[in-house]
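Below is one structure, written out as structure tokens, with a few remarks after it.
The values are calculated or read from the model by the stated rules, or taken from the named source; none is laboratory data. Note that the structure is a prediction, hence the values are computed from the model and not measured. Glycine also receives a Cβ, built like all others from the backbone with ideal geometry; neighbour counts cover every protein chain displayed.
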Amino acid sequence: PGVQKLSPYVPGKPVEELAREFGLQAQDIVKLASNENPMGPSPAVKAAIAAALPELTRYPDGNGFALKQALAERLGVATDSITLGNGSNDILELVTRAFVGPEHEVIFSDHAFAVYPIVTQAVGAKAVSVPAKNWGHDLVAMAAAITESTRLIFIANPNNPTGTWIERAELEAFLAKVPERVIVVLDEAYTEYVETDDVPNGMDYLAQYPNLLVSRTFSKAYGLAAIRVGYGVSCAAIADALNRVRQPFNVNALALAAALAALQDEAYLIESRRLNRAGMQQLEDGCAAQGLSWIPSRGNFLAIDLGREAAPIFQALLREGVIVRPVANYGMPNHLRVTVGLPEENQRFLDALKRVMLRG
Ligand code: PMP
């Protein structure tokens with residue numbers, strides 16, 4: 001019954017599909033729809049993938065030894081606290097499958113990441129979506145929603161599609177309130193883009209909270225969305241449970257090699273942040289100049305309030321060769337989410353938005 005009720009995840013429109021639909025050239029299309037890194041993969045990552053290519057016959061290292069070792073060193077955690085995933089979505093699913101059954105409730109926020117209700121309903125559990133506060137997570141209300149049946153709580157920091165963030169004191173007060181039988185998943189998919197110290201680092205709370213799992217990904221700031229690799233960090237007991245339910249070889253050999261190289265390429269991450277900072281400013285300035293408001297964001301994307309239904313504007317932008325993301329399915333019918341792109345891509349979006357908004 002849970003499966004029949006759930007709505008499938010809707011990905012950003014692929015460039016090739018739009019090109020076919022409107023007879024456009026793929027190179028003329030700007031895609032700012034899926035919070036990918038506009039820089040493309042780092043040369044070091046491409047070289048690592050090329051070096052891994054000659055050996056595709058044997059199964060990959062099913063335990064991801066080298067990548068876990070590198071992550072453990074980088075994060076200051078033990079290797080047995082790390083779970084690797086086929087994207088961090090895999091981690092979100094593994095933790096749900098390992099711990100949640102049809103008798104349980106799973107809490108998340110309104111306007112939070114679309115995969116939380118999917119993984120919850122897929123195991124037949126009850127999804128409890130808590131009203132947001134200023135578009136962001138209302139952790140006080142989320143803690144108040146805990147019942148005897150609550151098994152898991154998903155929190156995204158920063159959140160997608162809103163870009164909102166949770167500050168340190170709020171998170172600390174929340175974690176202190178959650179009973180230990182409830183697992184808290186702190187989804188930090190965008191954490192590498194955070195440049196202010198008001199946003200807490202989930203890793204700082206793992207020692208104190210054995211019911212905490214922090215998930216991260218190589219899809220965003222590391223620029224590896226296509227290769228599908230993410231990870232979870234938790235106490236060893238949770239990691240052990242995830243390891244029991246995961247598919248053997250859930251992370252492929254090219255992904256292991258790519259992630260390891262990405263982790264070592266600090267310069268790429270620094271440049272990604274710089275580009276994101278400048279692009280965010282460009283988008284905000286452009287929106288302000290058009291009299292539009294937006295939800296302040298700590299991610300690599302911005303939810304812009306069009307002050308009217310966004311669906312027709314989204315369609316009109318497609319005809320201009322600009323793909324962004326409508327977020328009506330997140331309960332945000334007047335917003336469009338745009339990913340920070342290269343300066344020229346941001347400008348293409350802003351110019352096209354101005355044209356289609358004027359046209360009505
Ligand atoms: N969490 C959040 C908040 C996200 O926005 C995304 C990507 N859209 C993910 C997790 C999953 O990303 P991936 O599976 O590529 O790691």
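Pairs needed: first member in the range 235-261, over 30 Å from Pro43 (Cβ atoms); second member anywhere, surrounded by fewer than 16 Cβ atoms within 10 Å (Cβ to Cβ) and among the charged types (D, E, K, R); C-beta distance under 7 Å; at least 6 residues apart or different chains.
Ala236/Asp80; Ala239/Asp80
Within the range 2-18, which residues are polar (S, T, N, Q) and either under 18 Å from Asn35 (Cα atoms) or part of a helix (DSSP H, G or I) (or both)?
Initially, the range 2-18 is screened for residues polar (S, T, N, Q), giving 4, 7.
Scanning the range 2-18 gives a single hit, Gln4.
Scanning the range 34-45 for residues that are of a type outside the set (Ser, Thr, Tyr) and under 15 Å from Val229 (Cβ atoms), which turns out nearest to the ligand (Cβ to nearest atom)? Before the answer, list the steps.
We begin by selecting, within the range 34-45, every residue of a type outside the set (Ser, Thr, Tyr); these are 35-41, 43-45.
This time we only want the ones that are under 15 Å from Val229 (Cβ atoms), so: 36-37, 41, 45.
Values: Glu36: 9, Asn37: 12, Pro41: 14, Val45: 15 Å.
The selected residue is Glu36.
Can you tell me how many residues in the range 150-167 are away from the ligand (no atom under 16 Å from the Cβ) and either assigned by TED's automatic domain parsing to the domain that holds Asn35 or outside any loop (DSSP other than H, G, I, E, B) (or both)?
Here is the first cut: in the range 150-167, the ones away from the ligand (no atom under 16 Å from the Cβ) are 150-151, 167.
Those left that are additionally either assigned by TED's automatic domain parsing to the domain that holds Asn35 or outside any loop (DSSP other than H, G, I, E, B) (or both): 150-151.
Total meeting the criteria: 2.
Could you give every pair whose Cβ atoms fall below 8 Å, whose first residue belongs to the range 315-327 and is in the same structural domain as Thr339 (by TED's automatic domain parsing), and whose second residue is assigned to a helix (DSSP H, G or I) and among the small types (Gly, Ala, Ser), counting only separations of at least 6 or pairs across chains?
Leu317/Ala352; Glu320/Ala352; Gly321/Ala352; Val322/Ala352; Pro326/Ala311
Which of the strands (runs of 3 or more DSSP E) contained wholly in the range 168-237 include at least 3 residues that are modelled with pLDDT under 95, away from the ligand (no atom under 16 Å from the Cβ) and of a type in the set (Ser, Thr, Tyr)? Break it down stepwise before answering.
On the way: elements: 183-187, 212-217, 230-234.
Here the list is empty.
Could you list, in sequence order, the residues of the range 46-68 that are crowded, with 16+ Cβ neighbours inside 10 Å, away from the ligand (no atom under 16 Å from the Cβ) and not in a loop (DSSP other than H, G, I, E, B)? Talk me through it step by step, then tell me what you get.
Looking only at the range 46-68, we keep the residues that are crowded, with 16+ Cβ neighbours inside 10 Å, and these are 48-49, 52, 60, 64, 67-68.
If we keep only those that are away from the ligand (no atom under 16 Å from the Cβ) as well, we get 48-49, 52, 60, 68.
Across the range 46-68, the qualifying residues are Ala48, Ile49, Ala52, Lys68.
Is it the case that some residue within the range 115-138 is among the aliphatic types (A, V, I, L, M), under 25 Å from Phe301 (Cβ atoms) and without any contact (Cβ under 8 Å) to a residue 24 or more places away in the chain?
Step one: filter the range 115-138 for residues among the aliphatic types (A, V, I, L, M), giving 115, 118-119, 122-123, 125, 127-128, 130, 132.
Narrowing further to those that are under 25 Å from Phe301 (Cβ atoms): 115, 118-119, 127, 130, 132.
If we keep only those that are without any contact (Cβ under 8 Å) to a residue 24 or more places away in the chain as well, we get 127, 130.
For the range 115-138, residues among the aliphatic types (A, V, I, L, M), under 25 Å from Phe301 (Cβ atoms) and without any contact (Cβ under 8 Å) to a residue 24 or more places away in the chain: present.
Being modelled with pLDDT of 95 or more, among the charged types (D, E, K, R) and crowded, with 16+ Cβ neighbours inside 10 Å is the filter here; which residues of the range 308-353 pass it?
Arg325, Arg337, Glu345, Arg348
Could you grab me the full set of residues in the range 150-176 that are farther than 14 Å from Leu212 by Cβ and without any contact (Cβ under 8 Å) to a residue 12 or more places away in the chain?
If the condition is that a residue be farther than 14 Å from Leu212 by Cβ and without any contact (Cβ under 8 Å) to a residue 12 or more places away in the chain, then Ala169 is the only one that fits.
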